[in-house]
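Colleague: Dropping a structure here in structure tokens format, bear with me for questions.
Bear in mind that the values in this text are calculations on the coordinates, not laboratory data. Values in this document were obtained by computation on a predicted structure and should not be read as measured data. Positions of Cβ are generated from backbone atoms using ideal geometry, with glycine treated the same way; all protein chains shown enter the neighbour counts.
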Amino acid sequence: MRVQSIIIPHTIHDTIMATTKKPAVLLIHPYTGFWDSYRSAPSLPLNLLHAASLLVDDFEVRIIDVRAARDWRAEVRAGLSLNPCLVGLTIMTGPSVESSVEVMKFIKKNSAAPVVLGGPHATMVPDTTLQNPLVDYVIVGPGENALVELAGALARGEQPAQDHGIFSKSSSDPLHNAKRAPALDLDSAPEIPYHLVNVRDYFQTYDGIDGYLPMETSRGCNRGCTHCYNSVSRAGPWRAQSAQRVIERLKHIKNIIGASAVYFVDDNFFMDVNRALDIADGAASLGLKWQIQGIDLQTLGALGHDTLQHLVDTGLKRVTIGIESGSDKIRTMLHKKPASREVLDIIRRLNKYPFIIYCSFITNFPGETAQDVKKTIRLISDLCDANPMFRNSPVYQFVPFPGTTISNNAEQNGFSRPGRLEDWGRISYERGYGKDNLGLGRDFYQALYFITLFNDRKYLEYLNDPGLRILSLAYHPIARFRLKHGLFQMTPEIRAYEWISNRRRKRNSPPKAGA
Ligand code: B12
């Protein structure tokens, strides 16, 4: 059931004028996965807030977050009673797909509203996503202009053009490559509509600092790593908001919203070092602590002492870097620079600065061997010794994101892409993609993931639960010993951990989709 106007007007504004109330749009964030639930609060749904930012004046937009809702079914039912002209969901590859399918089934059972999928997974695999019977439209790429186009057309009772990255099932040629929306001018884009969510539900605590909020200030990355979604999804040059605009936004989250720290989630925040330094000064003048998701090691390694000290003085608490592998063979395949020896040197050199250097690692790349993963394990262990502020991600398993060079190679070597949306839900950084390139057996990956979750002190920085903190503290030396000596067999602690955390979850929280 769609909201339709009596006359068919030609602009969204006319439509709104012609109807007594604004047409509704329902946007839903599914469950994300373990790594999101590991944090003190779910991540602010920036994806939906950005996608909705051009829509809010002319539509009544509701955001429902499965991760934060006490009863998401009740909230979705209430949202559907507004007769939305569309229901949009955001999806990442992995558990978020599984959760989305569950939510979409519920929507289809309870309404006739068209369902739209957007986000990184929909962008990378629009074909199988659109083929799912529960899906009516897929948005490839940025959502801001696309959502205005699509919601406008649907509210007018029209079919959208295959433009702005909109793939439509009802089109005569649904998988025809829809022209992408022109890149949004990030500097003149309106502020994201924070009022659509209860922002305080998303304040995160990290390393003893409360009130972290994420913020996106740029898009894209020019580094061209061959496994990264950027080479497919965020195609185009790096583009950014000016430092001045970002500082205005920082004032907003500090003074209006009450945040005390900011987590810049940009793919590569330091592409323009001067811009980054100006923003750092702005954050410091507001008393906001800050951390960044994306910086590449070459850029970090090239910063001189004065600059690094300045970053510390302005409140920098953490940088996150994709190191991925300790094997130079794999690093070359990924187009990752520098070589592993230099990775160690740079991170050792940084050991006098009190910010956390959080590095992500991945194994099971096509062509990777047991010798290669040994080098990764060795590098992690050496980095722990070289810098007390070094933290490693749990070692993830490679996922072939369609369209990336590595995925194309994997496909040439026998990997066949999942044919159905649901099947992508079973592929994830935690579960892998169904191949054991190392030949070490499935249990090895699970043991490596688990041990590298506890070999450093990240659990103390992330976990709030006192019981889990104590258990993690007790297990830490064992994990470190296991990593150092390559002991990945016989891990009863994994079962024990699962048992304890399931019991605690059941006791502490209401059931959530996909959880
Ligand atoms: C914050 C973040 C997280 C958060 C969770 C975010 C969430 N909402 O659930 C945390 C830290 C928990 C996380 C974890 C992981 N993440 Co993460 N994360 C990010 C990050 C840094 C920022 C996301 C963001 O908010 N971006 C800003 C928004 C505005 O951009 P956007 O999401 O692309 O949204 C735009 C469009 O996609 C579109 N859109 C999005 N949704 C919708 C919906 C509709 C209806 C429409 C119309 C449009 C639309 O419109 C938006 C505005 O233009 C991105 C990288 C990045 N810079 O985007 C990676 C990223 C999303 N993560 C990724 C990955 C792989 C992971 C992990 C699996 C592993 C890892 N290495 O971190 C884990 C595990 C998840 C788990 N199991 O719990 C990949 C996803 C790839 C994929 N195929 O899905 C990304 C792209 C990073 C990368 N380079 O590989 N992540």
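Colleague: Taking the Cβ of each residue in L300, L473, L54, L26 as the centre, tally the other Cβ atoms inside 10 Å and list the residues starting with the fewest. Could the numbers behind the result be given before it?
Modeller: Details: L300 17, L473 14, L54 21, L26 27.
Starting with the residue having the fewest Cβ neighbours, the order is L473, L300, L54, L26.
Colleague: Distance from the Cα centre of the stretch 463-491 to that of the stretch 54-126, in angstrom?
Modeller: Cα centres, the stretch 463-491 to the stretch 54-126: 38 Å.
Colleague: Based on the Cβ-Cβ distance from D281 to N464, what FRET efficiency comes out when R0 is 35 Å, to the nearest 0.05? Kindly include the intermediate steps, with their values, before the conclusion.
Modeller: On the way: r = 31 Å, r/R0 = 0.89.
Calculated value: 0.65.
Colleague: Going 7 Å from the Cα of R503 along its beta-carbon direction, which residues of the stretch 448-467 have the amide nitrogen within less than 14 Å of the resulting point?
Modeller: 467
Colleague: With the calculation restricted to Cα positions, what are the radius of gyration and Dmax of the chain in angstrom?
Modeller: 23.0, 73
Colleague: Per 0.36 nm of contour for each residue apart, how much would the distance between A189 and R70 grow if the chain were fully extended, relative to their Cα-Cα spacing? Show your work: numbers first, answer last.
Modeller: Values: separation 119, 0.36 × 119 = 42.84 nm, distance 3.26 nm.
That pair, A189 and R70, stretches by 39.6 nm at full extension.
Colleague: Is any residue of the stretch 392-410 close enough, with backbone N under 12 Å, to a label point placed 7 angstrom from the Cα of K435 along the Cα-Cβ axis, and if so, which?
Modeller: 398-401, 406-410
Colleague: Would you mind ranking H485, H29, H121, H164 by Cβ crowding within 10 Å, fewest neighbours first? Kindly include the intermediate steps, with their values, before the conclusion.
Modeller: Details: H485 10, H29 31, H121 27, H164 23.
The order, fewest Cβ neighbours first, is H485, H164, H121, H29.
Colleague: Roughly how many whole Å is it from the C-alpha centroid of the stretch 193-261 to that of the stretch 318-359?
Modeller: 23
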